[in-house]
């Protein structure tokens, strides 16, 4: 009697010395170095789908993206979520993921053009018992969209993502100096007039809340330059008290976040 061994790279037979009801005893078990080598080779030729999980943390003027890359596995997804829950200010970004499969054990490189650092340089796509590896980048927030690109071993682009400035700025708490909105608008009036790129969305917000009338809105809109529109907007808002000036400042934070943040920090 012989035992048939079926393996990925072929089949083999071994002589059986003794057979019981539950066991078969092999007299001279064979160790095949070739089988070990072939098994190792074939383990590098397995196609797997992978998960990409992107988390962002905002720290003052710096954005810290963390991109996890690992073979699809619900347990690993949970491990990442548990780890990220320990990081203060961490928030998951709903990113896309590659549709194609990749070779297990292949490596990948992340590129973020505006980053100052990315570590590690490469990540290998392997099964792990621990929390998956991740890329950690450092990006200075300059008010631009952040482009991310993942490259395979042969430098092919396998994934792209863009994190818009609005998406990472909205997660950043803005701390204004402890002064009323009216005082803030008056103090920075000249810079706001020159720096606000488009006052009309702010006027739209105030108009929708009936905080400026139709005639005031028409005067703002009729101005031919953005500077004159902002000047007219402030002329309409400033005399109306804390509720209206507060709403105006809130709209400025939403539409001109980087400018208001700069002004608030320069006041401290």
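See the values below:
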item	result
Residue in region 29-47 that is modelled with pLDDT of 90 or more, under 25 Å from residue 122 (Cβ atoms), touching a strand residue (DSSP E or B) at 6+ places or on another chain (Cβ under 8 Å) and assigned to a loop (DSSP other than H, G, I, E, B) present	no
Of residues in region 102-119 being part of a loop (DSSP other than H, G, I, E, B) and under 22 Å from the mean Cα position of the chain (by Cα), the one nearest to residue 66 (Cα to Cα)	112
From the options 92, 128, residue that is without any contact (Cβ under 8 Å) to a residue 60 or more places away in the chain, within 16 Å of residue 57 (Cα to Cα) and either in contact with a helix residue (DSSP H, G or I) (Cβ under 9 Å, 6 or more places away or on another chain) or not assigned by TED's automatic domain parsing to the domain that holds residue 152 (or both)	92
Verdict on residue 98 being surrounded by 13 or more Cβ atoms within 10 Å (Cβ to Cβ) and assigned to a loop (DSSP other than H, G, I, E, B)	yes
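The values are calculated or read from the model by the stated rules, or taken from the named source; none is laboratory data. Predicted, not measured: the structure shown is a model, and the values here were computed from it. No Cβ is skipped: glycine too gets one built from the backbone with ideal geometry, and neighbour counts run over all protein chains shown.
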